Amino acid sequence: MSTDAELIFADHAGRFYARQYGFPPMAGRLLGYLIVCDPPQQTIAGLSEVLLASRSAITGAVKLLETYQLVRRTRAAGERVDHFSIDPARIEPKGFDATIHREQAALMREGLALLPDDSSIRRAVLEELAALADFLSERLPELRDEWRVHRDKLRAEGRLSDPGGAGST
């Protein structure tokens, strides 16, 4: 049985993920609920009932979250129903991926090539965006590694749990 506090948290998560990442609100609500629900494995029917949403809305949200590898689907032998839960092995933020920033820097340099003799604001904006993307592509892997060391230290001190015994990645 879900509590009002869990549903309020799910609503807050829905608004956050819609605002910050462009997720449909239902996907954010579903993610928020799966983070705090007990038991941690839920069915489409159960999620539909708790979140007061249609099964098709829940199914669509699950499919989206599966593409981001935030939710995992399991089915016990002999059962006809899938269960969904947060994938603890995938909780590390995806924002540490430097590839996106390298691609963005290359794109901005492509734009700069179109303006070889331009001294306008257009060129200045492209130069700054390329420089920022280069900076982020260099620093993010270092920050990811620093985070992992810090996370492992917190776990060793007992100040942070290891979700599902997933270990560090």
Sequence of Y68, Y21 from largest to smallest accessible area, 1.4 Å probe: Y21, Y68
Pairs of alpha-carbon atoms within less than 8 angstrom and 6+ residues apart define the contacts here; what relative contact order does region 47-107 have, in percent? 19 percent
Select from D117, D145, D11 the residue whose mean-square fluctuation is largest in a Gaussian network model of the chain (Cα-Cα springs shorter than 10 Å). D117
Where the accessible area of the chain is counted over protein heavy atoms with a 1.4 Å probe, how much of it, in %, is carbon and sulfur? 57 percent
Which whole-number percentage describes the relative contact order of region 41-167, with Cα contacts under 8 Å and a sequence gap of 6 or more? 21 percent
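State which stretch of the chain is the longest one without any exposed GluC sites (Glu not before Pro), exposure meaning a DSSP loop state and at most 12 other Cβ atoms within 10 Å. All intermediate terms of the calculation are to be shown ahead of the outcome.
Working: sites that count: E79, E157.
Longest gap between qualifying sites, sites excluded: 1-78.
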Take the alpha carbon gyration tensor of region 1-95, find the square roots of its eigenvalues, order them as a ≥ b ≥ c, and report rounded if a/c is under 1.5; if not, report prolate when a/b exceeds b/c, else oblate. oblate
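Excluding A98 itself, calculate the net charge of residues whose Cβ lies under 11 Å from the Cβ of A98, where each Lys or Arg counts +1 and each Asp or Glu counts -1.
Summing Lys and Arg as +1 and Asp and Glu as -1 gives -2.
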Working from Cα positions, state the angle (0 to 90°, nearest 10) between the long axis of helix 4-21 and the longest principal axis of the chain. 20 degrees
Return, ordered by residue number, the residues of region 124-142 whose backbone nitrogen is under 13 Å from a label point located 7 Å along Cα→Cβ of L115. 124-131
Starting from the 7 Å offset along Cα-to-Cβ, what nm value, one decimal, do you get for the label separation of T74 and V125? 4.9 nm
So I have [x] 8; [y] 22; [z] 37, and one of them is percent of Cα pairs over 30 Å apart calculated from this model. Which one is it? [z]
With r defined as the distance between the Cβ atoms of V36 and T99 and R0 fixed at 30 Å, what FRET efficiency is calculated, to the nearest 0.05? 0.40
Against the empirical 2.2 N^0.38 Å scaling, what ratio does the C-alpha Rg of region 70-124 come to? 2.23
Taking DSSP loops as anything outside H, G, I, E and B, show the longest stretch in the chain free of trypsin sites (Lys or Arg not before Pro) there with at most 11 other beta carbons within 10 Å. 81-158
Between helix 25-36 and the chain: long-axis angle, C-alpha atoms, 0 to 90°, nearest 10: 60 degrees
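As a check on your grasp of the helix formula, calculate [θ] at 222 nm for the chain: sum -39500 (n - 2.57) over DSSP H runs of n ≥ 4, divide by the residue count, round to the nearest 500. Write down the numbers at each step before the final one.
Working: 6 runs with 102 residues, N = 169.
Calculated from helices alone, the mean residue ellipticity at 222 nm is -20000 deg cm²/dmol.
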Angle check, please: helix 121-156 long axis (alpha carbons) against the longest principal axis of the chain (alpha carbons), in degrees 0 to 90, nearest 10. 40 degrees
Probe 1.4 Å, heavy atoms of protein chains only: per residue, the accessible area of region 46-145 in Å² is 65 Å²
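The values are calculated or read from the model by the stated rules, or taken from the named source; none is laboratory data. Just so you know, these numbers come straight off a predicted model, no measurement behind them. Virtual Cβ from ideal backbone geometry, glycine too; neighbours counted across all protein chains shown. Surface accessibility is based on the protein's heavy atoms, side chains included, excluding ligands, DNA and RNA. Shrake-Rupley method; radii C 1.70, N 1.55, O 1.52, S 1.80 Å.
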